[in-house]
Amino acid sequence: RRDNSWARNCQKTGRPDQRKIIKKMKKTILGINAPEKECDDAKCPFHGTLNVKDELFRGKVVKKDINRSATIQWERSIYIKKYERYDVKRSRMRVHNPICIDAEIGQEVIVARTRPVSKTKNHVILTVVNKEQDIKEIKK
């Protein structure tokens, strides 16, 4: 006996090329609102299927690639007791730069940890931080 479940499903829902693909957009992630610009990137946390974890970093974009990658860097000062001075340490991280955010070199960004996106990328940019936002956060 032949199984016609596939044919019955097609009758109910229509053919795959006729079905409309409904994308579910996330409005906020970890308190950060989605950008106005939309994208069709599957690795975007707002418009794609990428989930983020509650581990945030803040850094400055120092390098940007064509293939939606960026390198961020942040600095911290560490006190050296022997010399009674501070040393500046720098950390770098490769991140995914979605089309809808498209952070440029020199901009301050907030990134979140995700599943491995590629060999070296485990984080994705959530938002670009403006100086006005910093002043509002300090005043609150």
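The values are calculated or read from the model by the stated rules, or taken from the named source; none is laboratory data. Keep in mind that this is a model prediction, so the values were computed, not measured. Note that each Cβ is placed from the backbone with ideal geometry, even for glycine, and that neighbours are counted across all protein chains shown. SASA here: full protein model, heavy atoms, side chains in, ligands and nucleic acids out. Shrake-Rupley method; radii C 1.70, N 1.55, O 1.52, S 1.80 Å.
Taking the range 107-127 as the range and being among the small types (Gly, Ala, Ser) and within 11 Å of Leu30 (Cβ to Cβ) as the test, only Ala112 passes.
When Arg58, Arg92 are screened for being modelled with pLDDT of 90 or more, open to solvent by 70 Å² or more (accessible area, probe 1.4 Å) and either under 22 Å from Lys27 (Cα atoms) or touching a helix residue (DSSP H, G or I) at 6+ places or on another chain (Cβ under 6 Å) (or both), only Arg58 passes. Look at (1) surrounded by 15 or more Cβ atoms within 10 Å (Cβ to Cβ); (2) in a loop (DSSP other than H, G, I, E, B); (3) modelled with pLDDT of 90 or more; (4) of a type outside the set (Val, Ile, Thr) and you find that Ala112 fails only one, number (2).
Taken as a whole, the condition of being at pLDDT below 80, over 21 Å from Pro116 (Cβ atoms) and not in a loop (DSSP other than H, G, I, E, B) does not apply to Arg15. Restricting attention to the range 61-89, the residues that are open to solvent by 60 Å² or more (accessible area, probe 1.4 Å) and among the hydroxyl-bearing types (Ser, Thr, Tyr) add up to 4. Gln73 meets all of the listed conditions (1) modelled with pLDDT of 75 or more; (2) out of contact with any Lys or Arg (no Cβ under 7 Å at 6 or more places or on another chain) but one, namely (2). Here Lys23 meets each of (1) modelled with pLDDT under 90; (2) over 20 Å from Asn122 (Cα atoms); (3) charged (D, E, K, R); (4) outside any loop (DSSP other than H, G, I, E, B) with one exception, condition (4).
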